[in-house]
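Encoded as structure tokens, the structure appears first; notes follow it.
The values are calculated or read from the model by the stated rules, or taken from the named source; none is laboratory data. Please read these numbers as outputs of a predicted model, since none were measured by experiment. Here Cβ is always computed from backbone atoms with ideal geometry, including for glycine, and neighbour counts include all displayed protein chains. Areas reflect the complete protein model, heavy atoms only, side chains present, ligands, DNA and RNA absent. Shrake-Rupley method; radii C 1.70, N 1.55, O 1.52, S 1.80 Å.
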Amino acid sequence: MRLPDQLLPRTTTREQELMKIIETLDAEAYAHGLQITLNTDFDELKQINKNLDKLPLTPNFDPDKADVNPTNGFWMKGVDFGGEVVFTQAARYYNCRNSTLALLHQSLKAFYEDPTAHAEDGEECVCEAPATHSISGHVCYHGELWLKQCYRGRGLTTTLPKLLMALVMLRWSPDYLFGMAQPGICTKGVGARYGYRNMQPHGMIWNVPSSGVLDEWVIWNNADDLEQAVMRN
């Protein structure tokens with residue numbers, strides 16, 4: 001089953017426009033040898049991730065540590081025509097109507113359902129990027145983007161994030177979509193190729209005693225940016 005076949009028919013004009021974009025992007029990926037499906041079983045994602053040439057699964061999407069489930073998250077799996085997993089990415093919704101992106105991370109609740117139970121002693125997160133203190137409302141996180149090396153350089157680093165953006169818009173219509181990215185991704189323009197219009201350094205300075213300090217940029221689109229990136233490009 002292809003990804004568009006997994007989605008329920010939509011009735012409004014806007015929803016139908018998004019469905020057409022999703023179908024087009026899925027077809028582009030399929031033409032490059034990727035068959036993509038939409039998934040909500042995060043135990044499967046955790047198991048698959050162990051066998052991929054990528055960083056460990058972030059706790060945001062670890063069902064043993066975070067309250068991530070079919071109501072607030074989904075992930076995408078791309079396999080080649082031989083059935084090998086060659087692509088993943090995931091999205092998660094956060095209700096920040098009475099909070100900010102900075103508070104979400106500094107409380108460690110971005111990562112853990114119960115920080116007191118799952119965070120390490122001495123673990124902390126600081127958000128210095130000004131935007132993280134103003135981003136609030138209905139907020140979605142874009143993570144776990146991985147594409148096997150042999151599929152890079154084919155334009156898929158634009159197609160696949162845009163596909164996730166369209167799905168996020170269709171499902172949640174968020175005020176913001178954000179990601180946390182390594183500095184090199186941003187300074188080399190990769191974040192822009194992903195479709196993000198805004199980025200700032202030190203979006204998340206996350207100190208985990210057992211593994212060290214992760215200092216990443218925050219990249220984000222507000223609702224208007226998403227409209228531009230998905231509907232008008």
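Please work out which residue is farthest from the chain's Cα centre (by Cα), limiting yourself to the range 211-233 and to residues that are loosely packed, with under 13 Cβ neighbours inside 10 Å, at pLDDT 95 or above and closer than 18 Å to Leu57 by Cα.
Gly212
Among (1) part of a loop (DSSP other than H, G, I, E, B); (2) out of contact with any strand residue (DSSP E or B) (no Cβ under 6 Å at 6 or more places or on another chain); (3) not aromatic (Phe, Trp, Tyr), where does Asn95 come up short?
It fails just one condition, (1).
Looking at the range 101-130 only, could you name the residues that are buried (at least 20 other Cβ atoms within 10 Å of the Cβ) and part of a helix (DSSP H, G or I)?
Across the range 101-130, the qualifying residues are Leu101, Ala102, Leu104, His105.
Can you name the residue in the range 1-43 that is charged (D, E, K, R) and in contact (Cβ under 8 Å) with a residue 12 or more places away in the chain and, of all such residues, is surrounded by the most Cβ atoms within 10 Å (Cβ to Cβ)?
Asp26
Can you tell me which residues in the range 39-73 are more than 21 Å from Tyr151 (Cβ to Cβ), touching a helix residue (DSSP H, G or I) at 6+ places or on another chain (Cβ under 8 Å) and either part of a helix (DSSP H, G or I) or not β-branched (Val, Ile, Thr) (or both)?
Selection gives Phe42, Lys46, Pro56, Pro59, Phe61, Asp62, Pro63, Asp64, Lys65, Ala66, Asn69, Gly73.
Against the definition (over 18 Å from the mean Cα position of the chain (by Cα) and β-branched (Val, Ile, Thr)), how does Thr71 come out, yes or no?
In short, no.
Here is a yes/no grid of residues against (1) open to solvent by less than 50 Å² (accessible area, probe 1.4 Å); (2) touching a helix residue (DSSP H, G or I) at 6+ places or on another chain (Cβ under 9 Å); (3) under 23 Å from Thr100 (Cα atoms):
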{"position": "Leu163", "(1), (2), (3)": "yes, yes, no"}
{"position": "Arg171", "(1), (2), (3)": "no, no, yes"}
{"position": "Ala181", "(1), (2), (3)": "yes, yes, yes"}
{"position": "Gly195", "(1), (2), (3)": "yes, yes, yes"}
{"position": "Asn198", "(1), (2), (3)": "yes, yes, yes"}
